[in-house]
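A.B. asks: I'd like to ask you about the structure that follows.
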Amino acid sequence: MGVERIRPVRPRVPATLAYALHRLLARNGAYRRLAAYVERHPVLYRAFTAGERVTKERLFGCRMCGQCALPTTGYACPMTCPKQLRNGPCGGVSPDGSCEVDRTRTCVWVTAWTRAEGAARGADLDLLQRPVDNRQWTRSSWVNYWQGRDEGLSVAHDAEDPRPVMVDRT
């Protein structure tokens, strides 16, 4: 079995549209009940997760980490970074913005910055993403989000107080 090479992906949906869709799917009681129902039925959960995987993979290059950072990265999936960096680019981004690992691709963080700034969400990139919980790979990030399991995935820092401050991503 060979090693899969991860390549940075340019999202196919404008960031402004993705943010608008996210607002429609924002956590609420109805979605929480839907997520609980889906989880209680394994066949339905697998179908729901497969639909999420296909959709998000095609639109954003989603890697199904189960802890989605798309709303805080201009809807450019940081897991498509060959180094899987969730908190900004490595030191190897070239002056033209290409990825250090794959010079034929734009660094996912350059894409994230361009998209977030274009949607007036540049401050989202200042949020720190917690490390990935590898137990969540292949799980539905929508179900996790609606169930409140990804609370505190993004944290901010106060200039006066360096301790992390929890942030709601909605």
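A.B. asks: Is it true that Cys81 is touching a helix residue (DSSP H, G or I) at 6+ places or on another chain (Cβ under 9 Å) and surrounded by fewer than 19 Cβ atoms within 10 Å (Cβ to Cβ)?
C.D. replies: no
A.B. asks: Which ones in the stretch 51-85 are under 17 Å from Ala20 (Cβ atoms), under 11 Å from the mean Cα position of the chain (by Cα) and outside any loop (DSSP other than H, G, I, E, B)?
C.D. replies: The answer is Lys56, Phe60, Leu70, Pro71, Thr72.
A.B. asks: Ok, one more. Here is a list of conditions, (1) more than 20 Å from Leu128 (Cβ to Cβ); (2) in a loop (DSSP other than H, G, I, E, B), and Ala20 meets all of them except one; can you say which number that is?
C.D. replies: Looking at each condition in turn, Ala20 falls short on (2).
A.B. asks: Return the residues of the stretch 6-17 that are out of contact with any Lys or Arg (no Cβ under 8 Å at 6 or more places or on another chain) and not in a loop (DSSP other than H, G, I, E, B); say none if nothing qualifies.
C.D. replies: Thr16, Leu17
A.B. asks: Considering each of Val101, Val108, Val132 in turn, give the residue that is more than 17 Å from Pro8 (Cα to Cα) and of a type in the set (A, V, I, L, M, F, W, C).
C.D. replies: When all the criteria are applied, what remains is Val132.
A.B. asks: Tell me, please, whether a residue that is among the small types (Gly, Ala, Ser), under 30 Å from Arg33 (Cβ atoms), part of a helix (DSSP H, G or I) and modelled with pLDDT of 90 or more can be found in the stretch 141-154.
C.D. replies: yes
A.B. asks: Then there's this: Do we find a residue being among the β-branched types (Val, Ile, Thr), over 24 Å from Glu151 (Cβ atoms) and either at pLDDT below 90 or in contact with a Leu (Cβ under 9 Å, 6 or more places away or on another chain) (or both) anywhere in the stretch 10-27?
C.D. replies: The answer is yes; a qualifying residue exists.
A.B. asks: Okay, moving on. Restricting to the stretch 88-119, and then to whatever is touching a helix residue (DSSP H, G or I) at 6+ places or on another chain (Cβ under 8 Å) and in a loop (DSSP other than H, G, I, E, B), can you tell me which residue is surrounded by the fewest Cβ atoms within 10 Å (Cβ to Cβ)?
C.D. replies: Once the filter is applied, the top-ranked residue is Gly97.
A.B. asks: Another question about this same structure. Can you pull out the residues in the stretch 10-52 that are basic (Lys, Arg) and either touching a residue at least 60 places away in the same chain (Cβ under 8 Å) or touching a Gly at 6+ places or on another chain (Cβ under 6 Å) (or both)?
C.D. replies: Scanning the stretch 10-52 gives Arg10, Arg23, Arg27, Arg32.
The values are calculated or read from the model by the stated rules, or taken from the named source; none is laboratory data. Keep in mind it's a predicted model, so treat the numbers as computed, not measured. When we count neighbours, we look across all protein chains shown, and the Cβ atoms used for this are built from the backbone with ideal geometry, even at glycine.
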